[in-house]
Amino acid sequence: MGVFIIFLLATTLGSLSTLFWIPEEDLGRGYFQTNALVILGLLALSVAVYLLHPLQPFSGSPVLGGAALWATFMAAFFYYGAIWRRLWLVARWAAAVASGTCMVALLLAGEALSSPLFELPYRGPLLVLSLLGSALLLGWSLIAMLLGHWYLVAPRLTFRHLVIFCWVLSGLVILRLLSVFATIAATAAVEPPVSPVPLQLLTGFAGQGMFFWFRLLWGLAGPLVLAFMALHCARHRSNQSATGILYVLVVGTFIGEVTAYYLLLTTGIPV
């Protein structure tokens with residue numbers, strides 16, 4: 001269940017981060033309402049896990065973590081109301097507040113639920129980089145796919161928005177790859193005798209290697225190729241092809257990041 005709540009918070013934060021980059025007049029109220037409902041659904045599941053499951057996702061700072069989660073839910077609900085009333089500036093402020101409080105909740109949950117098995121150099125910064133990079137990748141892949149669908153609703157919409165989203169998505173996959181390589185380098189720097197040997201625990205098939213290599217190939221290498229394929233289709237104004245590719249990319253990204261959270265919670269290594 002720890003993997004699930006981190007996934008929910010990360011996807012919520014990443015989705016919130018996409019709301020600022022397209023003028024509301026270009027897409028209209030319906031698009032942003034759809035995104036708001038997706039975010040509210042993710043947050044409702046997060047609150048349900050927090051209230052109904054015996055898991056303590058913010059055990060290090062329970063008051064701050066719980067307050068951040070509730071503040072995110074309230075700000076997201078306020079965002080939906082502001083969108084309904086077409087109060088665009090108010091909606092942006094609400095989305096900014098929700099993004100900030102959700103980031104606090106995500107980082108607190110990630111720190112509380114992952115127990116390192118050994119002393120990893122720069123673990124704190126690597127954990128923050130991993131969680132935030134993962135959140136952005138999850139959110140932008142999901143919302144880019146929804147944006148591709150929106151061209152069926154608004155066929156005259158400029159393809160510039162989808163092209164930009166695909167460029168950002170490609171960059172985020174590369175950023176996520178770099179963060180994984182940085183973690184591997186830090187893991188390799190742990191000097192023996194340490195048991196279990198960190199690098200072997202992560203990459204060896206006697207340890208968690210099966211999950212790690214699956215995460216790397218299915219969750220990062222595949223989405224990188226797919227992101228550039230979607231970008232190519234978007235640049236040629238083929239939104240249906242781009243959206244189909246983004247469907248597959250979302251599946252790969254979700255599976256890859258869930259596997260990464262499993263590795264984080266079982267080994268303490270932020271990959």
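The values are calculated or read from the model by the stated rules, or taken from the named source; none is laboratory data. Treat the numbers as computed from the prediction; the structure is a model and nothing was measured. Cβ atoms come from the backbone with ideal geometry, glycine included; neighbour counts cover every protein chain shown.
Within the range 215-238, being more than 19 Å from Ala185 (Cα to Cα), under 23 Å from the mean Cα position of the chain (by Cα) and not β-branched (Val, Ile, Thr) holds for Trp218, Gly219, Gly222, Pro223, Leu224, Leu226, Ala227, Phe228, Met229, Ala230, Leu231, Ala234. Screening the range 94-120 for residues that are buried (at least 21 other Cβ atoms within 10 Å of the Cβ) and in contact with a Phe, Trp or Tyr (Cβ under 7 Å, 6 or more places away or on another chain) and picking the one that is nearest to Met1 (Cα to Cα) gives Ala109.
The rows are residues; the columns are (1) buried (at least 18 other Cβ atoms within 10 Å of the Cβ); (2) not small (Gly, Ala, Ser).
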position: Ala135; (1), (2): yes, no
position: Leu138; (1), (2): yes, yes
position: Leu142; (1), (2): yes, yes
position: Leu147; (1), (2): yes, yes
position: Tyr151; (1), (2): yes, yes
position: Pro155; (1), (2): no, yes
position: Thr158; (1), (2): no, yes
position: Ile164; (1), (2): no, yes
position: Leu169; (1), (2): yes, yes
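When Ser114 is tested against (1) within 25 Å of Pro62 (Cα to Cα); (2) at pLDDT 95 or above, exactly one condition is not met: (2).
Residues to consider are Arg92, Arg86; find the one that is in a loop (DSSP other than H, G, I, E, B) and basic (Lys, Arg).
It is Arg86.
Quick grid of which residues meet (1) at pLDDT below 90; (2) surrounded by 24 or more Cβ atoms within 10 Å (Cβ to Cβ); (3) in contact with a His (Cβ under 9 Å, 6 or more places away or on another chain); (4) acidic (Asp, Glu):
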residue: Met1; (1), (2), (3), (4): yes, no, yes, no
residue: Ile6; (1), (2), (3), (4): no, yes, no, no
residue: Thr12; (1), (2), (3), (4): no, yes, no, no
residue: Ser15; (1), (2), (3), (4): no, yes, no, no
residue: Thr18; (1), (2), (3), (4): no, no, no, no
residue: Arg29; (1), (2), (3), (4): yes, no, no, no
residue: Ala48; (1), (2), (3), (4): no, no, no, no
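In the condition set (1) surrounded by fewer than 21 Cβ atoms within 10 Å (Cβ to Cβ); (2) in a helix (DSSP H, G or I), Gln56 is compliant with all but (2).
With the range 178-271 as the region, which helices (runs of 4 or more DSSP H) entirely inside it contain at least 1 residues that are polar (S, T, N, Q), over 27 Å from Gly148 (Cα atoms) and in contact with a Gly (Cβ under 7 Å, 6 or more places away or on another chain)? Give the derivation first.
Working: elements: 198-203, 209-216, 222-235, 239-267.
Answer list for the range 178-271: 198-203.
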